[in-house]
Amino acid sequence: MVNHCGAFGVSIWQKHEPKTFADIAFADDYTREDLHDYVLYPKLTGNIILEGGYGSGKTTIAKIIATERLNDSIYVYEINGETWNSETLKTIENTVSIARTNDEVAVVIINEVDRLKEKQYELRAFLEQYIGKLLVIMTTNYLGNIDGSIVDRSDVFYVRGFTPTKAVTLVQPLLRLYNINVAEDDLEHLFTRRLVADEEELSLRQIGRVVDKLVLPNQVPPTKPTKPNLRAV
């Protein structure tokens with residue numbers, strides 16, 4: 001079997017990753033509308049928890065919200081929960097201080113916040129101390145592993161996956177862009193086959209792999225430049 005991803009050195013799906021909030025694919029309009037408020041009103045503060053399965057786009061959503069709110073990345077601090085250490089709070093506090101000095105609202109992104117484990121009490125104390133002074137966006141695959149006092153201080157948004165039917169609607173414009181014509185029933189069948197066990201929704205990563213397998217084999221690989229003939233005539 002030919003590994004087309006390796007042969008072409010590119011993923012069509014990743015090539016078309018969202019760059020703005022308007023580009024982000026949401027499985028439901030309610031989540032899109034609620035989160036869009038944090039883009040429209042850059043002075044809006046608070047704590048957000050984005051809950052969802054692996055590959056649902058939580059981190060991408062968080063980064064784009066931060067990017068569209070702020071013109072300078074100096075006011076954004078991002079960390080994975082498992083890398084939280086004794087210097088983390090100091091770094092976050094410095095980021096908040098710089099932002100406030102310039103009349104901006106800092107954004108802190110904590111990916112997989114549940115991996116803080118016993119250090120969650122530090123985060124809880126920080127959220128209490130800095131209430132109304134910044135926007136904290138946390139992501140998790142397991143809401144139940146987050147301390148209840150942190151959840152209570154946050155607005156929780158569930159980032160859903162896509163049913164096979166919704167996945168078809170999502171990818172058809174991209175397939176047409178590459179002149180790939182697949183009947184909707186056949187495409188839905190392809191997506192349904194990707195569901196594991198009793199799953200009913202697909203992650204964006206799963207959808208992307210299907211798109212790449214459909215598009216990449218039909219793309220002409222770039223030709224290598226011809227070396228000039230340097231032999232003397």
In the set 110, 131, the lone residue that is assigned to a loop (DSSP other than H, G, I, E, B) and of a type in the set (Val, Ile, Thr) is 131
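Residues to consider are 208, 161, 148, 144; find the one that is touching a Leu at 6+ places or on another chain (Cβ under 7 Å) and not hydrophobic (A, V, I, L, M, F, W, C). Please lay out each step first, then the result.
Values: 208 fails: touching a Leu at 6+ places or on another chain (Cβ under 7 Å); 148 fails: touching a Leu at 6+ places or on another chain (Cβ under 7 Å); 144 fails: touching a Leu at 6+ places or on another chain (Cβ under 7 Å).
After applying the criteria, what remains is 161.
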Which of the following residues is surrounded by fewer than 19 Cβ atoms within 10 Å (Cβ to Cβ), touching a residue at least 24 places away in the same chain (Cβ under 8 Å) and of a type in the set (S, T, N, Q): 169, 192?
192
Can you tell me how many residues in the stretch 145-166 are assigned to a helix (DSSP H, G or I), in contact (Cβ under 8 Å) with a residue 24 or more places away in the chain and more than 30 Å from residue 120 (Cβ to Cβ)?
2
Taking the stretch 154-204 and keeping only residues that are at pLDDT 95 or above, under 29 Å from residue 113 (Cα atoms) and among the β-branched types (Val, Ile, Thr), one is left with 156, 159, 163
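Is it the case that residue 112 is at positive phi, touching a helix residue (DSSP H, G or I) at 6+ places or on another chain (Cβ under 8 Å) and surrounded by 15 or more Cβ atoms within 10 Å (Cβ to Cβ)?
On the way: at positive phi: yes; touching a helix residue (DSSP H, G or I) at 6+ places or on another chain (Cβ under 8 Å): yes; surrounded by 15 or more Cβ atoms within 10 Å (Cβ to Cβ): yes.
It is true that residue 112 is at positive phi, touching a helix residue (DSSP H, G or I) at 6+ places or on another chain (Cβ under 8 Å) and surrounded by 15 or more Cβ atoms within 10 Å (Cβ to Cβ).
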If the requirement is being basic (Lys, Arg) and in contact (Cβ under 8 Å) with a residue 40 or more places away in the chain, which of these qualifies: 119, 58?
58
Exactly one of these conditions fails for residue 15: (1) under 17 Å from the mean Cα position of the chain (by Cα); (2) in contact (Cβ under 8 Å) with a residue 12 or more places away in the chain. Give me its number.
(2)
Could you tell me whether residue 26 is touching an Asp or Glu at 6+ places or on another chain (Cβ under 8 Å) and either closer than 24 Å to residue 120 by Cα or touching a residue at least 40 places away in the same chain (Cβ under 8 Å) (or both)?
no
Name the residue that is farthest from residue 42 (Cα to Cα), counting only residues in the stretch 73-92 that are touching a residue at least 24 places away in the same chain (Cβ under 8 Å) and among the charged types (D, E, K, R).
82
Any chance the stretch 27-34 includes a residue that's of a type in the set (Val, Ile, Thr), in contact with a strand residue (DSSP E or B) (Cβ under 6 Å, 6 or more places away or on another chain) and crowded, with 20+ Cβ neighbours inside 10 Å?
no
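Test of understanding: among 154, 73, 86, which residue is among the polar types (S, T, N, Q), out of contact with any Leu (no Cβ under 7 Å at 6 or more places or on another chain) and more than 28 Å from residue 19 (Cα to Cα)? If you could, list the steps in order and put the result at the bottom.
Numbers: 154 fails: more than 28 Å from residue 19 (Cα to Cα); 73 fails: more than 28 Å from residue 19 (Cα to Cα).
None of the others qualify; the one that does is 86.
The values are calculated or read from the model by the stated rules, or taken from the named source; none is laboratory data. Owing to the predicted nature of the structure, the values given are computational and were not obtained by experimental measurement. For neighbour counting, all protein chains shown are included, and Cβ atoms are generated from backbone atoms with ideal geometry for every residue, glycine included.
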